[in-house]
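Structure first, then comments.
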Amino acid sequence: MRLVLIGPPGVGKGTQAGLLKSRLGIRHISSGDVFRAEINAGSELGSLAQRFIDAGELVPDDVTVGMMARHLETKDPHDRGFVLDGFPRTVAQAIALDAKLEPTGQCISRAIAIEVPDEILVERLGGRRMGKTDGKIYHVAFNPPPPGVEVITRSDDMPDVIRERLRVFHENTRPVVDYYRDRGKLRTVDGMADLEVVYAEICAAMYQ
Ligand code: AP5
Ligand code: MG
């Protein structure tokens, strides 16, 4: 299964991709996580990306596509497929991804759009915390970290940056939903339910 998870910031892409990885053994490739790892490593790519991320803007397409292409080339020993989280988020990225996968015969099987109203997203991102060592996703109220686990807040989870990320989603990434709909690959899932209910809906949508 080769999945794309599409949705606004805070909708639960990372949470659900983490569950798909741990339960189905498929690779989880998050463009945001790759950028954050580059920032932590102090690389040139990281310092370029950081300016855009901290402002809530998209990293330029050529940079993002090049980076994701390198990650997709990494050999998967189990060959169970992958879930892409946060990529593609422009139509140009979606076209580049299809062009990359087409010669391999391993095209995207499903694009799953997760939907949640913007007001709820602001609340989710305001309460999000990440495990300091493993990057695991928690929420102070909805999914609290176990006692003793050290957590951090993401630098782009500030109210004004959250608003900009939502604006950028509606302007640049909504058309990606139409891109997959036009190709018969889109399925939509309600992201308002409990984590496990959303997970079950995603699993069902994979084969519908
Ligand atoms: P990225 O890291 O992809 O961030 P994002 O898209 O803004 O999404 P988030 O990671 O904030 O949210 P999520 O949907 O993963 O939600 P989560 O599971 O954490 O990108 C960051 C930046 O990198 C971008 O702004 C851009 O600058 C750059 N970038 C990345 N990809 C790029 C690309 N392709 N092109 C250009 N630039 C790119 O959940 C959120 C919270 O809600 C958590 O606290 C969680 O516990 C809680 N939660 C989740 N599900 C539920 C539920 N069902 N009920 C209650 N709470 C829930
Ligand atoms: Mg995420």
Counted residues, segment 1-22 - those being more than 8 Å from ligand 1 (Cβ to nearest atom), open to solvent by 10 Å² or more (accessible area, probe 1.4 Å) and either within 19 Å of V161 (Cα to Cα) or in contact (Cβ under 8 Å) with a residue 24 or more places away in the chain (or both): 4
query: Which members of segment 77-88 meet the condition of being part of a loop (DSSP other than H, G, I, E, B), away from ligand 1 (no atom under 14 Å from the Cβ) and open to solvent by less than 30 Å² (accessible area, probe 1.4 Å)?
result: G81
- request: Starting from residues that are away from ligand 2 (no atom under 16 Å from the Cβ) and not polar (S, T, N, Q), keep the ones in segment 104-114 and report whichever is farthest from T15 (Cα to Cα).
  value: G105
statement: Note on segment 143-177: residues under 17 Å from the mean Cα position of the chain (by Cα), of a type in the set (S, T, Y) and farther than 14 Å from A55 by Cβ are T173
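Residue-wise test of (1) within 13 Å of ligand 1 (Cβ to nearest atom); (2) over 27 Å from R124 (Cβ atoms); (3) of a type outside the set (S, T, Y).
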| site | (1), (2), (3) |
| --- | --- |
| L24 | no, no, yes |
| R27 | no, no, yes |
| S43 | no, yes, no |
| G46 | yes, no, yes |
| T90 | yes, no, no |
| C107 | no, yes, yes |
query: So T74 fits all but one of (1) more than 11 Å from ligand 1 (Cβ to nearest atom); (2) open to solvent by less than 50 Å² (accessible area, probe 1.4 Å); what number is the exception?
result: (2)
query: Can you name the residue in segment 33-54 that is over 17 Å from the mean Cα position of the chain (by Cα) and open to solvent by less than 50 Å² (accessible area, probe 1.4 Å) and, of all such residues, is farthest from R167 (Cα to Cα)?
result: S43
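The values are calculated or read from the model by the stated rules, or taken from the named source; none is laboratory data. Computed from a predicted model, the values in this text were never measured in an experiment. We place every Cβ from the backbone using ideal geometry, glycine too, and count neighbours over all the protein chains shown. The area values use the complete protein model at the heavy-atom level, side chains included, leaving out ligands, DNA and RNA. Shrake-Rupley method; radii C 1.70, N 1.55, O 1.52, S 1.80 Å.
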